[in-house]
1. At a 10 Å Cβ-Cβ cut-off, how would you order Val244, Val271, Val58, fewest neighbours first?
2. Leaving out same-chain residues fewer than 8 places away, which lysines sit with a Cα under 29 Å from that of Lys5?
3. Using a Gaussian network model on the chain with a 10 Å cutoff between Cα atoms, which of Ser275, Ser83, Ser74 fluctuates the most?
4. Only residues of segment 191-207 count here: report those whose backbone N is under 19 Å from the spot 7 Å along Cα→Cβ of Met28, or say none.
5. At a 10 Å Cβ-Cβ cut-off, how would you order Thr174, Thr233, fewest neighbours first?
6. Note the full-extension length gain between Lys221 and Trp39 as 0.36 nm times their separation in residues minus their Cα-Cα distance, in nm to one decimal.
7. What nm value, rounded to one decimal, do you get for the distance between Thr340 and Ala316 when each label is placed 7 Å out toward the C-beta?
8. With a point put 7 Å past each Cα toward its Cβ, work out how far Arg264 is from Met62 in nm, to one decimal.
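What follows is calculated from the coordinates using simple rules that are stated; it is not laboratory data. For clarity, every value in this text was computed on a predicted model and none was experimentally measured. Using ideal geometry, Cβ is built from the backbone for each residue, glycine included, and neighbour counts are taken over all protein chains shown.
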Amino acid sequence: MSKVKVLIVDDSALVRKVLKEILSTDEMLEVVGAAPDAWSAMQKIKELKPDVLTLDIVMPGMDGLDFLERLMKSHPMPVVMISTLTGQDTEQTFRALALGAVDVIAKPSLDVREKLDEMSEQIIDRVKAAGAAQVGSSSRRFLQEATAPVPLSRLARSTEKGGEESIIAIGASTGGTDALVAVLTPLPHNMPAVLVVQHMMAQFTAPFAQRLDRVCQMHVKEAQAGDRVQAGTVLVAPGGRHMVIVREGDHHVVRLEDGPMVHRVRPSVEVLFQSMASQVGQRGIGVILTGMGADGAEGMLAMKQAGARTIAQDEASCIVFGMPKMAIKAGGVDHVVPLTGIAGQLLAMVDEGHAP
């Protein structure tokens, strides 16, 4: 298998050096060059033909966002944005995803040496995932600000028929920000509870949930320990913490855990799905969306074996067909569905009275 060729674009010579050192430790990645600004990057893209670009958001002259917008119109390719995680950068990061960036990673923090190894793993994994991404020139719909309430789709019929007893768990990684919009926005306000694990840095999960809340009919929030799992609410796992579901009396709540990474990520889809299998059983519905790796594959199998129904996004609509592919291979998937059909499949399951 050929190596993924990476071009690093950052105005800081130190960051360029550190990123090159990190990425060069993986045998599947090859740093073919580095550029200090957008103008140099344009020339190097023509000369070096990289597979993936890492791009700083804030640069002198033409900033990263303006460059990204031009690039995706003229030469669409996988781009991973580099963020300093400041408040201003958070808004810019969401705009970068809307413009077509595949993912965002934290700029290496050299003053926190004990976290550099974990950060390095995440940087490597996300750049490798970008190398496998399917990127088109069409405009992205990620969290566009709604000018009016999103209308109920034709699929959004009543879910009173036993639906509130079901609980839906969704896992996603690379490309999941777009995919979650497509899945969640058609769902009606009284849909059964939804739990979401999206691989995302801690600084972004709360703003991500808030933006989803603005375009969804269900209420969306970043999960807090002890939150009740109830119809009409979507709980998004906070970055850096695993989320599990547990029973308390006659209802379920979520717990947040600071355990070790699972499949090199935290939160992990696997952790959520395993708790769904043991705590919810046949009333669970599992969905696995676009992303690289095997996170959630065994957990989805456990859910199916416990009686839950399961859905995987199909290859054609995935940015990266890694997690769904591994879940299918493990034997845990009942239905393989295009992204635009997943909301309908969920509503059909609820309407069939999946909950006992």
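1. Numbers: Val244 21, Val271 26, Val58 17.
Sorted ascending by nearby Cβ count, the order is Val58, Val244, Val271.
2. Output for Lys5: Lys17, Lys20, Lys44, Lys46, Lys49, Lys73, Lys107, Lys115, Lys128, Lys325, Lys329.
3. Sorting by GNM fluctuation, first place goes to Ser74.
4. 199-200
5. Working: Thr174 28, Thr233 19.
Starting with the residue having the fewest Cβ neighbours, the order is Thr233, Thr174.
6. Numbers: separation 182, 0.36 × 182 = 65.52 nm, distance 4.01 nm.
Length gained between Lys221 and Trp39: 61.5 nm.
7. Those two pseudo-labels are separated by 1.0 nm.
8. Computed distance between label sites Arg264 and Met62 equals 3.2 nm.
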